[in-house]
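Colleague: Supplied in structure tokens, the structure appears directly below.
FYI, it's all coordinate maths here, none of it is from the lab. In this text the structure is predicted, and so the values were computed from the model without any measurement. Note: ideal-geometry Cβ built from the backbone for every residue, glycine included; neighbour counts use all protein chains shown.
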Amino acid sequence: MKKLKLGLVGCGAMMGTHVKGVLQVENVEIVAVCDIVEENAKVVADALGGTPKIFTEYCDMVDMIDAVMIALPHDLHFECGMFFAMHNKHILMEKPLCNTERECEILIETCEARNLKLMCAYPVRFWPGIRKLKELVDSGEFGEIIQMSIWTEQLTGVTLKYDQYRGQKWLITNRIGGGQLFSHGCHYIDLMLWFLGEPISGAHMGTRNGTPWMLREGTSALVIKFKNGVVGYHGATWGARGTRLGYDFQIQTEKGMLEYEHASGEVRIYNGNGIHRPGESSRQSYDVIWKREGASSKETQYEIAHFVDCVLNDKTPLTNGRAALQGLRVIWELYRAEENNTLADLRGLGIKD
């Protein structure tokens, strides 16, 4: 079977996580890597066995590739994406798609006009544990959904003082395009739209407390009400000095609580046949429905495999450009409402089947 010739642009820490995934995907060959800092490109090329050709200007690699994976600072997504779109290359873009709505629209329209695959890199959507959770919800076995909560706790940004991102301090500047919600919460807005459907209204509150290196919020709390009556909640911080939940996804249903805990890799059902009594202090028992094989990771191999399959077999990516834009529109509307101290009107911003 034909292999997709893929180029990588932006060889910082983020690309390092994608490289681990690429190594587990069939039908793809990394033929070129590019970074303005040549040493960064060499590190990635070495991780891929030293076979990709190294570039410091992405325009020089365009004739070698069928598709490109872009992991640049957010404010460069549009310029780089448009270059490759105009040269008829398929694009897997690290999130967020672009920093402004108009940039997203132009890139999407250009790719559609040229019959190119444009996919946003949302690996969480493709984690087997998350897909198992979605399968259980869609089965109807556990009744209607009441509420969905997504929790993420991590320490991000402060480590840049120690050059762990090889000097890429753009993450704590206005190049990021927003705060924690825009840069990281976009994963979980995408999940809520996928799980819960049409949003109606919502509210976001953020703070820089504990994350003074951020220009906008480093900690977020948001709530969204959906057309089906379900309430979605996302609580996240980039200032976690300690963590218990880590990355945790909980869905309250009529017959119990479903959970995917990423650290353990377990999909669980809590209290499926019992009743929780107010005042109970002990943690309820649960049954493990599914468990991941292997250690916790970002599991980027699944999104990359999906992208490769879509290009080689002419399929529409699940996290295509228009789906990604809908999620960003929700975030921008939440930001606007927060600034105006009002409730966000989110009607019409859901993902359509």
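Colleague: Once the Cα atoms of helix 101-113 and of the chain are each reduced to a long axis, what angle between those two axes, in degrees from 0 to 90 to the nearest 10, is obtained?
Modeller: It is inclined by approximately 60 degrees.
Colleague: What FRET efficiency would be calculated for the residue pair Tyr233, Glu135, taking the C-beta separation as r and a Förster radius of 25 Å, to the nearest 0.05?
Modeller: With R0 = 25 Å, the Cβ-Cβ based efficiency is 0.70.
Colleague: Here's something else I'd like to know. Would you calculate a helix-derived [θ] at 222 nm for the chain, using -39,500 (n - 2.57) for each DSSP H run of n ≥ 4 and dividing by the full residue count, to the nearest 500?
Modeller: Taken over the chain, the calculation gives -8500 deg cm²/dmol.
Colleague: Taking the chain as the reference, fit the longest principal axis to its C-alpha atoms, fit the long axis of helix 77-86 to the helix C-alpha atoms, and give the angle between the two in degrees, 0 to 90, nearest 10.
Modeller: 50 degrees
Colleague: May I have the extent of the alpha carbons of the chain along their three principal axes, as whole Å values ordered from largest to smallest?
Modeller: Cα spread of the chain along its principal axes, largest to smallest: 64, 47, 42 Å.
Colleague: Taking only Cα atoms, what is the 0 to 90° angle, nearest 10, from helix 186-196's long axis to the longest principal axis of the chain?
Modeller: 50 degrees
Colleague: More than 22 Å apart: what percent of Cα pairs in the stretch 1-134 qualify?
Modeller: Everything past 22 Å amounts to 35 percent.
Colleague: Moving on to the next point. Please find the FRET efficiency linking Ile146 to Glu339, where r is the Cβ-Cβ separation and R0 is fixed at 45 Å, and quote it to the nearest 0.05.
Modeller: Efficiency computed from Cβ-Cβ geometry: 0.90.
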